[in-house]
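K.L.:
Quick one: structure below, then a few questions.
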Amino acid sequence: MIKKIKNNLFIILIVLTYISLFIFKKELAITSVKNSGYYIKEMLMIMPIIFVLTALLDTWVDKNTIMKYLGRDSKSKGVFLSFILGSVSAGPIYAAFPICVMLHKKGASIRNIVIILSSWAVIKVPMLINEVKFLGGTFMFTRWILTIIAILIFSYISDKIIKDEDLMVEKDYLNNKVNINIRACIGCGICKKTYPEFFSIENKKAYINEVDNINNTLVEKAIKDCPVNAINK
Ligand code: SF4
């Protein structure tokens with residue numbers, strides 16, 4: 001029961017806020033419900049398309065490609081591509097979340113995920129075009145340059161603070177709930193030798209392959225043999 005409450009704490013808080021609003025500020029509560037209804041309707045229209053798109057990208061684009069172009073070792077190429085990806089996107093920012101989850105699962109770095117999300121939110125091309133129309137080219141260009149500098153700085157800082165395993169998806173990665181601490185992994189290849197169908201080594205880091213039936217004995221052995229305790233369940 002306590003675990004259920006903990007897991008749904010955010011929703012419970014929202015419901016309690018609405019109830020309090022209806023008791024103490026009825027008009028405000030009605031306006032809030034109307035606004036929420038509008039956004040829920042918008043999300044229901046957009047999100048199915050995003051989920052289909054994410055699933056297609058997940059199937060068509062392989063992990064090596066994502067790692068090469070958006071992974072930790074992609075360096076300035078990854079930064080540039082992340083800016084492009086976020087800037088040419090369309091749709092509200094929440095549409096970016098499932099796409100970023102998929103990209104991270106396939107090896108995109110935290111820094112590049114932050115750049116994609118930030119560019120998607122504040123320097124999208126359609127937004128810039130409208131900005132020029134309403135506020136003028138000088139305003140748009142100055143804000144664009146300064147925003148890019150800010151994104152570069154805080155994506156770098158975020159990458160130092162947030163670890164791959166801090167992302168909620170990491171522990172449920174693929175179908176097996178086995179997690180690799182990418183930062184700790186030294187790429188020795190012992191896990192791959194133990195269970196080659198399940199572990200692979202790319203760019204001197206271990207990754208997990210999707211398998212139909214996981215062999216827990218071999219996973220346990222890999223966990224035990226890993227010299228830096230980078231694998232856990
Ligand atoms: S055994 Fe551990 S350190 Fe070695 S490659 Fe596998 S996860 Fe990385």
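K.L.:
Could you please tell me which pairs satisfy a Cβ distance under 7 Å, a separation of 6+ or placement on different chains, a first residue in segment 35-54 that is in a helix (DSSP H, G or I), and a second residue that is among the small types (G, A, S)?
P.N.:
Cβ pairs passing all conditions: I46/G91; I46/A95; I50/A95.
K.L.:
Filter segment 16-30 for residues that are surrounded by 11 or more Cβ atoms within 10 Å (Cβ to Cβ) and assigned to a helix (DSSP H, G or I) and give the result.
P.N.:
Hits for segment 16-30 are T17, Y18, I19, S20, L21, F22, L28, A29, I30.
K.L.:
Which residues, counting only those in segment 200-232, are more than 9 Å from the ligand (Cβ to nearest atom), open to solvent by 30 Å² or more (accessible area, probe 1.4 Å) and either outside the structural domain of C185 (by TED's automatic domain parsing) or polar (S, T, N, Q) (or both)?
P.N.:
N203, N209, N213, N215, N216, T217, N232
K.L.:
Residue by residue through segment 64-106, note down the ones that are of a type in the set (S, T, N, Q), farther than 17 Å from I148 by Cα and open to solvent by 20 Å² or more (accessible area, probe 1.4 Å).
P.N.:
Passing the criteria: N64, T65.
The values are calculated or read from the model by the stated rules, or taken from the named source; none is laboratory data. Given the structure is predicted, the values throughout are model-derived calculations rather than measurements. Backbone-built Cβ (ideal geometry, glycine too); neighbour counts: all protein chains shown. These accessible areas exclude ligands, DNA and RNA; they are computed on the full protein's heavy atoms, side chains included. Shrake-Rupley method; radii C 1.70, N 1.55, O 1.52, S 1.80 Å.
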